[in-house]
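These notes concern the structure reproduced below.
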Amino acid sequence: MSSPMSASNFLKALKDEGLTVVQVGDWRTHNRNHKGPWGPVHGVMLHHTVTRGTARTVEICRDGHAGLPGPLCHGVIAKDGRVHLVGYGRTNHAGLGDDDVLRAVVAEKRLPSDNESNTDGNRHFYGFECENLGDGEDPWPAVQLEAIEKAAAAVCRFHGWDAPSVIAHREWQPGKVDPRGFSMTGMRNRIHDRLK
């Protein structure tokens, strides 16, 4: 069980991991904390945005839309590898997911199949939205995949977690497919190697 790191420590952790970070507006205090607590935190969740163009992607992830108010994540990982910070605290990224998956993340064990949506993930996960159409054809540039690896590792390093604490949205909530286009096993292997 971990309390969320401060916004300043989050920024420092990402920069210390070698990432280029763009701070967007009032990201440190832009959150959904009025909807419930953030924490304890147990892991990192990865998503794809189903958008094209970094500026528009960042705007959507910061502001949300009529059906889902922003922020929609903590950081947007662009195709050029930059991480745009859009919110900090509780964000609308994970939604309801499987309590068995959460227990596996906490224990850093192999993930079970997600077959129910009974647990508030927005409370327990850091969220990174990754700029990609999510159609299985839009490429994932090497610099972006490296940034995903570094961003997840930065959070894990701070909390003393290993790669099993990093999951895909598709591993949390039935019916989700994101992030589509790269292997989570492969990404977790990269994160594990970086943390060593």
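The values are calculated or read from the model by the stated rules, or taken from the named source; none is laboratory data. Remember, predicted model here, so these are calculated numbers, not experimental data. Ideal geometry is used to build each Cβ from the backbone, glycine not excepted, and the neighbour counts take in all protein chains shown. Note: areas computed on protein heavy atoms with side chains; ligands, DNA, RNA excluded. Shrake-Rupley method; radii C 1.70, N 1.55, O 1.52, S 1.80 Å.
Numbers for the structure displayed
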| quantity | calculated |
| --- | --- |
| Residue within the range 152-171 that is of a type in the set (Asp, Glu), closer than 27 Å to Leu68 by Cβ and buried (at least 22 other Cβ atoms within 10 Å of the Cβ) present | no |
| Residues of the range 105-132 classified as buried (at least 21 other Cβ atoms within 10 Å of the Cβ) and either modelled with pLDDT under 95 or not in a loop (DSSP other than H, G, I, E, B) (or both), total | 7 |
| Verdict on Val101 being touching a residue at least 12 places away in the same chain (Cβ under 8 Å), on the phi > 0 side of the Ramachandran plot and of a type outside the set (Gly, Ala, Ser) | no |
| Flag if Asp135 is more than 17 Å from Gln173 (Cβ to Cβ) and open to solvent by 20 Å² or more (accessible area, probe 1.4 Å) | yes |
| Qualifying position, being at pLDDT below 95 and either open to solvent by 20 Å² or more (accessible area, probe 1.4 Å) or small (Gly, Ala, Ser) (or both), among Gly67, Gly95, Gly53 | Gly67 |
| Contacts under 6 angstrom Cβ, first residue in the range 1-19 being in contact (Cβ under 8 Å) with a residue 12 or more places away in the chain, partner loosely packed, with under 15 Cβ neighbours inside 10 Å, 6 or more apart | Met1/Pro40; Ser2/Pro40; Ser3/Gly39; Pro4/Gly39 |
| Near pairs, Cβ below 8 angstrom, 6+ apart or cross-chain, from the range 114-138 (closer than 16 Å to Val76 by Cα) to any residue that is part of a strand (DSSP E or B) and open to solvent by 10 Å² or more (accessible area, probe 1.4 Å) | Glu129/His48; Cys130/His48; Glu131/His48; Asn132/His48; Leu133/His48; Gly134/His48 |
| Out of Gly186, Gly136, sole residue that is among the small types (Gly, Ala, Ser) and at pLDDT below 95 | Gly136 |
| Strands (runs of 3 or more DSSP E) (entirely within the range 1-95) containing at least 1 residues that are within 14 Å of the chain's Cα centre (by Cα) | 43-48, 75-77, 83-85 |
| Verdict on Val143 being β-branched (Val, Ile, Thr) and more than 19 Å from Asp26 (Cβ to Cβ) | yes |
| Which numbered condition Asn189 fails, given (1) polar (S, T, N, Q); (2) closer than 23 Å to Val106 by Cβ; (3) part of a loop (DSSP other than H, G, I, E, B) | (3) |
| From the options Arg180, Arg82, Arg190, residue that is in contact with a helix residue (DSSP H, G or I) (Cβ under 6 Å, 6 or more places away or on another chain) and open to solvent by 50 Å² or more (accessible area, probe 1.4 Å) | Arg190 |
